[in-house]
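Here's the structure we're looking at; comments come further down.
The values are calculated or read from the model by the stated rules, or taken from the named source; none is laboratory data. These numbers were taken from a predicted model, which means no experiment stands behind them. Glycine also receives a Cβ, built like all others from the backbone with ideal geometry; neighbour counts cover every protein chain displayed. The protein model used for the area step is the full one, side chains on, heavy atoms only, and it has no ligands, DNA or RNA in it. Shrake-Rupley method; radii C 1.70, N 1.55, O 1.52, S 1.80 Å.
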Amino acid sequence: MSDVIAKIPTDLSIGGRWQPASDGARFDVADPATGEVIASVASGSAEDATAAVAAADGAAAAWRETSPRERADVLRRAYQAMTDRQEELAEVIVRESGKSWNDAVGELKYAAEFYRWYGEEAVRAIGGISHAPAGDKRILSLHRPVGVSVLVTPWNFPAAMATRKIAPALAAGCTVVLKPASDTPLTALLLAEMLTEAGAPDGVVNVLPSRRSGATVGTMLADPRVRKVSFTGSTEVGRMLLEQAAQQILNCSMELGGNAPFVVLADADIDAAVEGALVAKMRNGGESCIAANRFLVHDSVAQEFADKLAQRMGALKLGPGMDRGNDVGPVINEGAREEIAGMVRDSAAAGAKVLVGGNSPAGPGWFYEPTVLARVDHDDPLLDHEIFGPVAPVTTFTTEDQAIELANDTEFGLAAYVYSGDLARGLRTCEAIEAGIVGLNRGFVSDPAAPFGGMKQSGLGREGAQDGMLEFLETQYIAADW
Ligand code: NAD
């Protein structure tokens with residue numbers, strides 16, 4: 001075991017104390033590049049979930065009363081610690097998630113920036129006083145922390161999905177219990193330790209890894225002391241949590257699945273579109289909710305686009321992320337690789353042309369080659385699935401209206417990408433697409449200062465920007481005379 005991994009606390013972090021699960025249960029964490037077990041982590045029980053809520057509730061009143069400046073200072077120190085310890089954190093992320101070194105460093109910069117941005121935001125006073133139209137009173141509108149918040153995160157961005165929730169919650173004055181994904185609990189545990197060192201008081205941030213997600217999260221959502229759930233993960237699990245949250249009328253933020261179209265109009269700069277496609281598809285090895293999932297390319301430029309994309313994808317170096325020269329790591333686990341390989345096989349059998357890739361290389365780890373499929377039929381089931389891997393299916397359209405119709409032909413509405421040489425045309429197309437986030441002539445869209453979130457079945461609410469902080473505040477209106 002590497003020194004960095006060996007030093008990470010592997011128990012539950014509740015009320016500022018590290019403790020084993022109430023029944024002693026633990027689970028293994030494996031390195032997707034080798035399949036080797038790299039750590040054993042405490043697996044929280046329903047009883048531990050109740051203890052974590054009690055700790056968050058116990059710390060809530062004092063944290064809410066701290067000055068915004070004090071909360072900002074904790075976040076600022078946490079930002080600095082993440083920046084100073086980037087190498088160590090990158091190793092943890094690479095080892096437990098499998099992503100490439102560059103992707104891990106990119107994630108960490110993004111993740112740390114949430115602490116800095118919300119540290120700055122914590123001290124921006126919002127709210128207002130106005131005269132009522134009838135002149136009979138003043139209308140005071142105040143914002144206050146929503147209360148104890150349960151945060152549930154996925155494995156694909158073990159640091160950023162956590163800080164994107166923790167930072168606005170803490171800035172707003174909420175205390176939290178974080179349930180990280182069981183494939184990647186180590187980064188979250190290290191972040192908990194770093195937040196304590198940055199001055200977060202005991203109980204403000206509790207981290208509860210568990211293999212028993214249903215029991216632990218279900219227990220917390222049924223606890224009347226909890227007032228908020230912020231979830232990032234699949235639409236399927238999000239829907240279940242919304243049902244559970246309905247029982248206590250919890251405030252809900254949901255960042256769910258995607259099926260992003262990448263639209264290349266006839267007048268696009270094809271070389272720029274290929275570079276953007278490479279980022280939109282291959283950031284995080286394709287394991288991203290905003291990954292370009294369907295390439296919709298005007299038929300006059302489709303062959304040139306697909307050939308150039310295949311050339312760039314084929315040149316990417318596949319291998320373990322700890323070797324910093326590699327561009328693409330393994331996918332998260334064997335099941336994910338099998339699913340991706342099956343989708344490609346079926347698509348090829350249905351007539352799609354494999355321009356590059358299409359194989360699982362022999363040897364250890366869950367690697368899958370960067371793959372480009374051309375001439376994919378509009379009815380191919382591949383286009384309905386979130387691929388979550390390094391596979392780029394290219395299909396064509398003939399008119400702008402058809403491109404928009406195809407782009408919107410999905411229950412998801414998280415991200416989309418549009419390439420056009422004509423700004424007005426590009427903007428018109430962006431506006432017609434039902435997606436919460438659209439990249440215009442850009443393959444990289446994430447920014448802590450921008451509102452991130454989906455339409456349709458991709459979610460509710462936004463993370464990042466002022467919108468992300470409002471998710472952890474609620475408004476009180478006072479009707480006043482003086
Ligand atoms: P997942 O839904 O399987 O798991 C997400 C989290 O929910 C994990 O912590 C998991 O342990 C927990 N969970 C699973 N079953 C649960 C249950 N029954 N009750 C309570 N909690 C439960 O998703 P995943 O495989 O970890 O992540 C991939 C998915 O996340 C993809 O669909 C992706 O699009 C989505 N995602 C969305 C965003 C976004 O911002 N919209 C960002 C990243 C990932």
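For this structure, a couple of remarks:
- Output for the range 410-429, where each listed residue is closer than 21 Å to Leu256 by Cβ and of a type outside the set (D, E, K, R): Thr410, Phe412, Gly413, Leu414, Ala415, Ala416, Tyr417
- Of the residues making up the range 417-450, those that are among the hydroxyl-bearing types (Ser, Thr, Tyr), in a loop (DSSP other than H, G, I, E, B) and in contact with a strand residue (DSSP E or B) (Cβ under 7 Å, 6 or more places away or on another chain) number 1.
- Scanning the range 360-377 for residues that are under 26 Å from the mean Cα position of the chain (by Cα) and among the acidic types (Asp, Glu) yields one hit, Glu369.
- Residue check for Ser149: in contact (Cβ under 8 Å) with a residue 12 or more places away in the chain and of a type in the set (Ser, Thr, Tyr): yes
- Residue check for Phe412: within 16 Å of the ligand (Cβ to nearest atom), under 16 Å from Asn293 (Cβ atoms) and either touching a residue at least 60 places away in the same chain (Cβ under 8 Å) or open to solvent by 10 Å² or more (accessible area, probe 1.4 Å) (or both): yes
- Members of the range 190-218 that are buried (at least 24 other Cβ atoms within 10 Å of the Cβ), under 20 Å from the mean Cα position of the chain (by Cα) and near the ligand (Cβ under 8 Å from one of its atoms): Ser210, Val217
- Taken over the range 220-234, the criterion of being open to solvent by 10 Å² or more (accessible area, probe 1.4 Å) and more than 10 Å from the ligand (Cβ to nearest atom) is satisfied by Ala222, Asp223, Pro224, Arg225, Arg227.
- Verdict on Met240 being of a type in the set (A, V, I, L, M) and open to solvent by 30 Å² or more (accessible area, probe 1.4 Å): yes
- A single member of Gly335, Gly363, Gly321, Gly325 is closer than 17 Å to Glu96 by Cβ and without any contact (Cβ under 8 Å) to a residue 12 or more places away in the chain, and it is Gly335.
- Top-ranked residue in the range 323-339 [being within 15 Å of the ligand (Cβ to nearest atom) and in a loop (DSSP other than H, G, I, E, B); ranked as surrounded by the most Cβ atoms within 10 Å (Cβ to Cβ)]: Val331
- Test: Asn284 is within 16 Å of the ligand (Cβ to nearest atom), in contact (Cβ under 8 Å) with a residue 24 or more places away in the chain, surrounded by 18 or more Cβ atoms within 10 Å (Cβ to Cβ) and of a type in the set (S, T, N, Q): yes
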